[in-house]
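**Q** This is the structure I have questions about; it appears just below.
The values are calculated or read from the model by the stated rules, or taken from the named source; none is laboratory data. Please read all numbers here as calculations on a predicted model, not as lab measurements. Counting neighbours? That spans all protein chains shown, and the Cβs are built from the backbone with ideal geometry, glycine included. We work out accessible area using only protein heavy atoms, side chains counted, and drop any ligands, DNA or RNA first. Shrake-Rupley method; radii C 1.70, N 1.55, O 1.52, S 1.80 Å.
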Amino acid sequence: MAQHRVRFEALCRSLTSEELATQVPDAPWTVHGYIAHLCTIDALLNRFFGPVVGMTDMPAPEVPPPAPFDIDEWNEAIVARRPATSIDDLFAEAAASRANYERILRVIPEPAADMMVPFGGDRKKINLPAITVRLQDLLSAIALHDPSHSHDIIRALPHREPEVHDWLVSADYRARTPAEILARRA
């Protein structure tokens, strides 16, 4: 996960303002929007996974989770708050949240890996019912989140593909993400 973040950040920091403003085909966000999504999502993950390991010191995300919970709604709300946020500021925010997420991952007890957790994915777009998945499978998919959405960015900026080709091929997020989770990702 850490290596993917390094590669993702390098890609993002190399983009021009025009590239950042490019709309990703058949997607709700621009390239900048996908970067904002990946730089803010850990704050939400911390809020959910922290209590699993008894960590109650996780800062509340800027946008409270909606009730009933809807990941699409939360993502739309948080990304909408970041349209002009610089890449430097996005990655500074991401670093703080990622540090807390890594604290959580270091102490998740092995038996918790088999715990079943709800997963809805991008259900508004996919129109599949929410399911429960093993926590370990969800954490594995989250570890591949950066390369997964980097594929989206490359759909908008195909001329950048040679720069990240080897990384994205080696990440192979489609083969490494459990099928029931992959089916619920747009």
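**Q** Counting only protein heavy atoms and using a 1.4 Å probe, what share of the accessible area of region 1-74 belongs to carbon plus sulfur, as a whole percent? Show your work: numbers first, answer last.
**A** Details: 2050 of 3470 Å².
C and S fraction of accessible area: 59 percent.
**Q** Where the only charges are on Cβ atoms (+1 Lys, Arg; -1 Asp, Glu), what is the dipole of the chain about its Cα centre, to the nearest 20 debye?
**A** 260 debye
**Q** To continue, here is another question. Looking at the chain, do any whole DSSP H helices span at least 18 angstrom along their long axis by alpha carbon and average 0.5 or above on Kyte-Doolittle, and which? Let's see the in-between values first.
**A** On the way: long enough: 31-49 (28 Å, 0.84); 87-107 (30 Å, -0.02).
Those that pass (Cα extent of 18 Å or more, hydropathy at least 0.5) are 31-49.
**Q** So, by mean Cβ neighbours within 10 angstrom, what's the order for 142-150, 82-90, 25-33, 8-16 with the highest one leading?
**A** Details: 142-150: 21.3, 82-90: 13.9, 25-33: 18.2, 8-16: 16.4.
Peptide ranking by packing, descending: 142-150, 25-33, 8-16, 82-90.
**Q** Ranked highest first by average number of other Cβ atoms within 10 Å, how do 132-139, 103-110 line up? Intermediate results must be reported in sequence, preceding the final value.
**A** On the way: 132-139: 18.0, 103-110: 12.8.
Taking the mean over residues of other Cβ atoms within 10 Å, the ranking is 132-139, 103-110.
**Q** Could you tell me the relative contact order of region 25-155? Use alpha-carbon pairs under 8 Å, at least six residues apart, and round to a whole percent. Spell out each step's value before the answer.
**A** Numbers: 110 pairs, mean separation 36.6, N = 131.
Taking the mean separation of contacting Cα pairs over the length of region 25-155, I get 28 percent.
**Q** What percent does the relative contact order of region 93-159 come to when contacts are Cα pairs within less than 8 Å and at least six residues apart?
**A** Working: 32 pairs, mean separation 15.3, N = 67.
It comes to 23 percent, rounded to a whole number.
**Q** At what distance in angstrom do the alpha carbon centres of region 41-73 and region 172-186 lie from each other?
**A** One Cα centre to the other: 22 Å.
**Q** Using a 1.4 Å probe and ignoring any ligands, DNA or RNA, find the accessible area of Val6 and quote it in Å² to the nearest 10.
**A** Here the accessible area works out near 100 Å².
**Q** Next question, about the same structure. Based on the alpha-carbon gyration tensor of region 69-186 and its eigenvalue square roots a ≥ b ≥ c, which shape applies: rounded if a/c is under 1.5, prolate if not and a/b is larger than b/c, or oblate? Spell out each step's value before the answer.
**A** Numbers: a/c = 1.34, a/b = 1.26, b/c = 1.06.
Cα axes put region 69-186 in the rounded bin.
**Q** Can you compute the helix-only [θ] at 222 nm over the chain? Use -39500 (n - 2.57) per DSSP H run of at least 4 residues, normalise by all residues, nearest 500 deg cm²/dmol. List each step's numbers first, then the result.
**A** Values: 11 runs with 110 residues, N = 186.
Value at 222 nm, helices only, nearest 500: -17500 deg cm²/dmol.
**Q** Of all accessible surface on region 103-164 at a 1.4 Å probe, what whole percent is carbon and sulfur?
**A** On the way: 1890 of 3220 Å².
Using a 1.4 Å probe with all protein chains present, region 103-164 comes out at 59 percent carbon and sulfur.
**Q** Under a 1.4 Å probe, what is the accessible area of the chain per residue, stated in Å²?
**A** 50 Å²
**Q** Out of Ala143, Ala112, Thr40, whose Cα points farthest toward the positive end of the dipole of the chain (charges: +1 Lys, Arg; -1 Asp, Glu; placed on Cβ)?
**A** Ala112
**Q** Can I ask one more? Which residues' amide hydrogens lie under 5 Å from the amide hydrogen of Thr30, considering only partners 5 or more residues apart or on another chain, with H built in the peptide plane?
**A** Here the answer is Val24, since their amide H atoms fall under 5 Å of that of Thr30.
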